[in-house]
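Since the structure comes first, as structure tokens, the remarks are kept for the end.
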Amino acid sequence: MEEKKNLLISLSKLAKMYRAEVKEEMSASDFSPNELDLITFLSNNKMDTSKEIADSLGLSKSLIARSVDSLVAKGYLETEVDEGDRRYIHLILTDQAKPIADRLRNCRKRFIASMTEGISQEQFAQFEWVLERMIVNVEREKED
């Protein structure tokens, strides 16, 4: 297959544009970009341990730990030791974090609506399928 040079550039550009939208939306707040990523992740996913989050976002566990410590200190996050395996600590957004999570969710919805304007549901579903397939291919390649 011919090399697709612009794919990674385009994906990176979309991510940068999204981060700029979040930064503008949250400009009056006292959150780092990583703290906002953590709040967004926890409010939209069932995964709730630092390891799961680090693996999903491609961030180091130490960076996640710094964000966790900061959000706990600010009252936006609580930690809970897993009853079945005390090595795991679950991260839980507090009620204080809910309005922030809602703002971030609405920002994401607006961005996705803007990004997908003129693209049918079927086209977007196909695009998502292709991206997931690419991820599977790369992960399989790493295992070999």
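Every number in this text was worked out from the coordinates using simple rules, so none of it is lab data. It should be emphasised that the depicted structure is a prediction, and the values quoted were computed from it without experimental measurement. Note: ideal-geometry Cβ built from the backbone for every residue, glycine included; neighbour counts use all protein chains shown.
Results, tabulated for the structure shown:
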quantity	calculated
Sequence-separation-based contact order of the chain, relative, with Cα cut under 8 Å and 6+ spacing, percent	22
Net length gained if the chain between D82 and S29 were fully extended (0.36 nm per residue, minus Cα distance)	15.9 nm
Efficiency of FRET from Cβ geometry, A20 and A125, R₀ 30 Å, rounded to 0.05	0.70
Inter-site label distance for R108 and M134 at 7 Å from Cα along Cβ, in nm	2.0
Where N is the number of residues in the stretch 5-143, Cα Rg divided by 2.2 N^0.38 Å	1.17
Positive dipole terminus of the chain, leading residue within T94, I64, Y18 (C-beta point charges)	Y18
Cβ-placed point charges (K, R +1; D, E -1), dipole of the stretch 28-104 about Cα centre in debye, nearest 20	160
Axial C-alpha extent at least 18 Å, average Kyte-Doolittle at least -1.0 - helices from the chain (DSSP)	5-25, 61-74, 98-115, 121-143
Sites S43 and I89, calculated FRET efficiency, Cβ-Cβ separation with R0 22 Å, nearest 0.05	0.75
Qualifying trypsin sites (Lys or Arg not before Pro) in the stretch 1-81, DSSP loop, other Cβ atoms within 10 Å at most 14	K4, K46
Out-of-range pairs (alpha-carbon distance over 23 Å; input K13/K98; K23/K51; K74/K98; K23/K98)	K13/K98; K23/K51
